[in-house]
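For reference, the structure is listed below as structure tokens.
The values are calculated or read from the model by the stated rules, or taken from the named source; none is laboratory data. This structure is a prediction, so every number in the text was calculated from the model and none was measured. No Cβ is skipped: glycine too gets one built from the backbone with ideal geometry, and neighbour counts run over all protein chains shown. The protein model used for the area step is the full one, side chains on, heavy atoms only, and it has no ligands, DNA or RNA in it. Shrake-Rupley method; radii C 1.70, N 1.55, O 1.52, S 1.80 Å.
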Amino acid sequence: MARRATLKDVAAAAGVSMTTVSLVLNDRPARVSTEKREAIAQAVKQLNYVPNQNARSLVTKQSKLVALIVPDIENLFFAALAKCVEDECATQGYSLIVANSDDSRATEHDLLRRLSSRGVDGILLIPARESCSDGVGANLRADVERVTCPVVLIDRLARCGWCDAVGFDNYLGGRLAAQYLLEGGHKRIGIVTGDVAESSAADRRRGFADALERAGERLDPALCVAGDYRFASGYRAADRIIDGGATAVFCCNDVMALGFRQRMAERGLHVTEDMQVIGYDNILKRFGLGWRMTTVEQSVGDLAAACWGMLGGRIDGVVNEGGAGADAGRPWLAEPQVKVLTPKLVQAACA
């Protein structure tokens with residue numbers, strides 16, 4: 001195996017000191033001539049020198065690592081979000097660590113502790129459902145307050161008020177779904193929810209039910225089926241809602257809508273002709289699944305840009321304060337920002 005080039009090798013090849021190489025490569029203020037900078041760049045290229053990030057971190061006080069904790073990496077929405085966040089991070093020279101909490105409060109607690117100890121510069125967190133239902137995040141808040149780097153909550157607990165957060169207006173999303181079905185002439189409408197113990201799922205259901213009530217209709221409890229954002233729960237809910245006489249259904253994510261449509265197909269029923277189905281997220285097209293459905297879109301690209309913009313700004317603030325996040329008052333906790341994004345209805349040309 002070829003020996004890895006060192007800073008000393010680069011200095012020798014460029015004819016300068018190791019200190020000069022370090023200052024140039026770390027973009028530190030230094031009186032170094034253009035000729036010497038070019039010599040260093042040439043030596044780096046010829047030797048295929050890759051800086052030791054651990055050593056660089058000692059100088060810059062940054063690991064150039066950020067972490068994203070998701071509840072379920074198999075969920076297409078979270079998988080797509082991870083890819084978009086990684087792209088955003090890369091533009092600023094950061095690498096992303098993606099960790100899966102399995103929607104477990106205990107796992108989330110452990111991940112926050114371990115990732116913080118690894119010296120990540122910031123953490124993006126989609127809280128576990130248990131954290132959202134546990135005293136409106138009281139235990140999670142205690143964990144986050146022990147983390148010394150900036151933290152941004154995503155999607156769930158977006159309106160908690162005690163930490164920087166970015167999310168979509170799920171209440172509006174539920175209303176948009178109901179309004180679309182009502183405008184289509186439907187009156188008996190079913191819904192397959194997420195876990196309503198979690199705020200974003202509860203908001204979608206509440207917005208949906210409120211829109212029905214304002215139109216003089218009501219949400220029949222017999223047509224309201226609890227789901228878990230997985231294909232199987234949409235599939236299982238179909239028989240109850242179809243047999244209950246519904247002419248339309250709102251599935252609170254696209255994956256459950258796929259399950260619902262699968263069961264409809266098995267029963268010889270067709271979307272639009274026999275029953276209208278609307279999903280949520282508009283995520284399927286990113287994975288080339290070939291399904292075209294009416295859905296309420298939460299743009300993962302917009303979400304990734306917003307949460308990285310917030311986290312990146314906080315990281316820059318810590319660096320400018322000399323790297324002492326706690327000494328700087330940790331503004332992501334002391335003066336939290338909240339950004340709420342707007343979902344939109346995307347109607348399929350052919351459902």
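Of note:
- Rounded if a/c under 1.5, otherwise prolate or oblate - the range 171-255, Cα gyration tensor axes: oblate
- Candidate values (1) 169; (2) 138; (3) 177 were compared with volume of the Cα convex hull per residue in Å³ computed on the shown model; the agreeing label is (1).
- Reachable lysines from K83, criterion Cα separation under 27 angstrom, eight or more residues apart if same chain: K61, K64, K285, K339, K344
- To the nearest ten degrees, helix 105-117 and the longest principal axis of the Cα atoms of the chain are 20 degrees apart.
- Loop-located GluC sites (Glu not before Pro) in the range 57-131, at most 15 other Cβ atoms within 10 Å (DSSP): E74
- Principal-axis analysis of the Cα atoms of the chain puts helix 199-214 at an angle of about 40° to the longest axis.
- Relative packing of 35-46, 179-190, 223-234, which averages over residues the other C-beta atoms within 10 Å, highest first: 223-234, 179-190, 35-46
- Note on the range 107-242: Cα-only Rg and Dmax are 18.0, 56 Å.
- Acute angle (nearest 10 degrees) that the helix 170-183 long axis makes with the longest principal axis of the chain, alpha-carbon atoms: 40
- Expressed as a whole percent, the accessible surface of the chain that belongs to carbon and sulfur atoms is 48, based on a 1.4 Å probe.
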